[in-house]
1. Per residue of the stretch 71-80, in order, report the coupling 6.51 cos²θ - 1.76 cosθ + 1.60 (Karplus, θ = phi - 60°) as ³J(HN,Hα) in whole Hz, putting x for Gly and Pro.
2. Stretched out fully, how many nm does the piece from Phe59 to Glu88 gain, at 0.36 nm a residue minus the Cα gap?
3. Once the Cα gyration tensor of the stretch 64-105 is found, what semi-axes does its equivalent ellipsoid get, as square roots of 5 times the eigenvalues, in whole Å, sorted largest first?
4. Normalized C-alpha radius of gyration of the stretch 48-117, against 2.2 N^0.38 Å?
5. Magnitude of the Cβ-charge dipole of the stretch 19-117, K/R +1 and D/E -1, about the Cα centre, nearest 20 debye?
Amino acid sequence: MCTRLRTHKIFVAEHLVDTSIPDVADSFNNIGIVYEMKGDFENALAQHQKALEIRTRVFGSDHPDVAGSYQNLAWVYHRQGNQVQAKEMATKAYHIFFRMLGPHHPQTQGLKPFLDE
């Protein structure tokens with residue numbers, strides 16, 4: 001039920017709402033998390049990619065929300081067993097967090113395990 005409602009919300013967002021609104025990216029992000037929790041990694045990746053595209057367009061490429069999207073993609077790739085892609089996404093997130101939040105911020109530090117693999 002929850003996934004169906006979120007999917008409807010995404011459909012409405014894609015077709016009726018301006019996708020330059022950050023809340024739309026948040027909706028894509030949230031449905032991506034639901035799909036990931038269900039083990040549906042392909043749909044999770046698709047939703048997180050949509051969130052990344054909107055956030056990059058709205059905020060630019062050097063914003064913590066963009067880094068958060070890369071981090072979410074990294075986690076899905078990691079759970080899928082695709083460590084090469086996971087590390088690539090985590091590296092992008094890490095560099096943005098490092099520049100924008102500093103080296104000691106929890107978001108920055110939380111990505112170190114990906115980079116050490």
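Just so it is clear, none of the values below were taken in a lab; they were calculated from the coordinates. Remember, it's a predicted structure, so these values are computed and weren't measured experimentally. Counting neighbours? That spans all protein chains shown, and the Cβs are built from the backbone with ideal geometry, glycine included.
1. Once rounded to whole Hz, the list reads 4, 5, 4, 4, 5, 5, 4, 4, 5, 6.
2. Numbers: separation 29, 0.36 × 29 = 10.44 nm, distance 2.09 nm.
Once the chain is fully extended between Phe59 and Glu88, it gains 8.4 nm.
3. Details: eigenvalues 77, 16, 9 Å².
Each semi-axis is the square root of five times an eigenvalue, giving 20, 9, 7 Å.
4. On the way: Rg = 11.2 Å, N = 70, 2.2 N^0.38 = 11.1 Å.
Ratio of Rg to 2.2 N^0.38 Å for the stretch 48-117: 1.02.
5. Values: 9 positive and 11 negative charges, 28 e Å.
I would put it at about 140 debye.
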